[in-house]
């Protein structure tokens, strides 16, 4: 007669499906990781900040006031607000003529941070390789 052998249950875990899932997740994270980081590229100073020297080129100064109005120190309309598109076009033209011209941002102390970052993004899109931030020396009381 035919005897049926009894099979013993396998007590090992099959890890192949887990490895497949892990590799798929690894690929997903590798693809999405560069998309997560956002920001504006700025060059942070490596040492104590110094004023621009007198013999350096005059910088292009883009300003933003507390109301979010943008200004540029180039041309005859320095005191008139301009749109970000016009500002970026003028800066791009200036940098095309002289790519070594420094670009500076001057912001009112009460302006929201968002307006300063937007201005820096407009300047970056206009072709500014780096953007400096203008500050004033704090007054010291020596009485």
Residue 65-residue 32 FRET efficiency (beta carbon distance; Förster radius 30 Å; 0.05 resolution): 0.20
Gain upon complete extension [residue 24, residue 108; 0.36 nm per residue less C-alpha separation]: 25.3 nm
Cβ-derived FRET efficiency at R0 30 Å, residue 118 paired with residue 16, nearest 0.05: 0.05
Whole-Å semi-axes of the ellipsoid equivalent to the range 60-133 (Cα gyration tensor, √5λ, descending): 19, 13, 10
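Taken together, the values in this text are just the output of simple stated rules run on the coordinates, not laboratory data. All figures in this text were calculated on a predicted structure; none of them were measured in a lab. When we count neighbours, we look across all protein chains shown, and the Cβ atoms used for this are built from the backbone with ideal geometry, even at glycine.
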